[in-house]
Amino acid sequence: AQLGALAMEHHGAYERLLHQGYHDALTGLPNRLLLNDRVKQALARASRNHLQVAYLSIDLDHFKRFNDTFGHDAGDALLRELGQLLQSNVRGSDIACRYGGEEFALILPDANLATAQERAERIRKSAKYLDLKHAGQALGAVTLSVGVATFPEHGDTPFLLVRAADQALYRAKAAGRDRVMLAETVADAMPPTS
């Protein structure tokens with residue numbers, strides 16, 4: 001009985017460590033390690049079943065300025081709020097992740113480009129209405145820039161799909177931020193040639 005209890009305790013500790021290794025401590029969302037696995041799985045399933053997968057790259061606009069103005073604790077509060085916003089805007093099959101820093105990602109299995117664009121716009125607009133307060137101080141509105149790409153239209157591998165969404169995100173930022181941009185072509189995902 002003691003050996004069984006010890007084995008169960010070790011298994012529980014292992015499970016907690018595994019969860020911590022694959023989830024962001026601040027937001028509770030899956031992190032980049034788990035994201036990479038989930039993108040591969042979603043694309044493999046979509047390929048087998050001739051389905052689409054949408055990928056959204058999401059970035060908080062002017063996050064450094066926000067941190068400089070309100071402090072890192074307020075920045076952490078903002079990241080937690082955004083994590084909750086993303087979680088409240090996903091279906092059971094979707095995956096919201098914290099990619100790193102102020103970057104987030106959404107994987108939308110069985111979603112076409114129009115559906116992904118609509119979801120991205122809803123999230124972008126909802127972020128503006130977050131009631132952000134920290135230490136009794138109102139933090140003001142925040143905006144998001146979002147890049148959207150779909151498998152297989154904009155990339156037929158995880159690398160190409162993510163790169164296409166990232167390129168669309170960079171265009172959204174260059175166009176003035178606070179907007180959703182769609183990947184234009186598979187060429188968006190191609191590595192630059194030298």
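Can you divide the C-alpha Rg of the range 97-155 by 2.2 N^0.38 Å and report the result to two decimal places?
Against the empirical 2.2 N^0.38 Å value, I get 1.38 for the range 97-155.
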Once amide hydrogens are built 1.01 Å from N within the peptide plane, the residues lying 5 or more places from Val90 or on another chain with amide H under 5 Å from its amide H are none
Please give every one of the lysines within straight-line cross-link reach of Lys173, meaning a C-alpha to C-alpha distance under 17 Å, and leave out same-chain neighbours fewer than 8 residues apart.
Lys64, Lys125, Lys128
Quick one: how many Å² of His134 are accessible to a 1.4 Å probe, rounded to 10?
60
Residue by residue through the range 95-100, what is 3J(HN,Hα) from phi via Karplus (6.51 cos²θ - 1.76 cosθ + 1.60, θ = phi - 60°)? Round to whole Hz and write x for glycine and proline.
10, 9, 9, 9, 6, x
Diffusion coefficient in µm²/s returned for the range 35-140 by Stokes-Einstein, Kirkwood Rh over C-alpha pairs, 10 °C and 1.306 mPa s, is 107
Karplus-derived HN-Hα couplings along the range 51-58 (A = 6.51, B = -1.76, C = 1.60, θ = phi - 60°), whole Hz, x at Gly and Pro:
10, 9, 9, 9, 10, 10, 9, 10
Computed over the range 100-194, the distribution of all Cα-Cα distances in 5 Å bins, rounded to whole %, is 3, 14, 21, 23, 17, 10, 6, 4, 2, 1, 0
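The values are calculated or read from the model by the stated rules, or taken from the named source; none is laboratory data. Please read all numbers here as calculations on a predicted model, not as lab measurements. The protein model used for the area step is the full one, side chains on, heavy atoms only, and it has no ligands, DNA or RNA in it. Shrake-Rupley method; radii C 1.70, N 1.55, O 1.52, S 1.80 Å.
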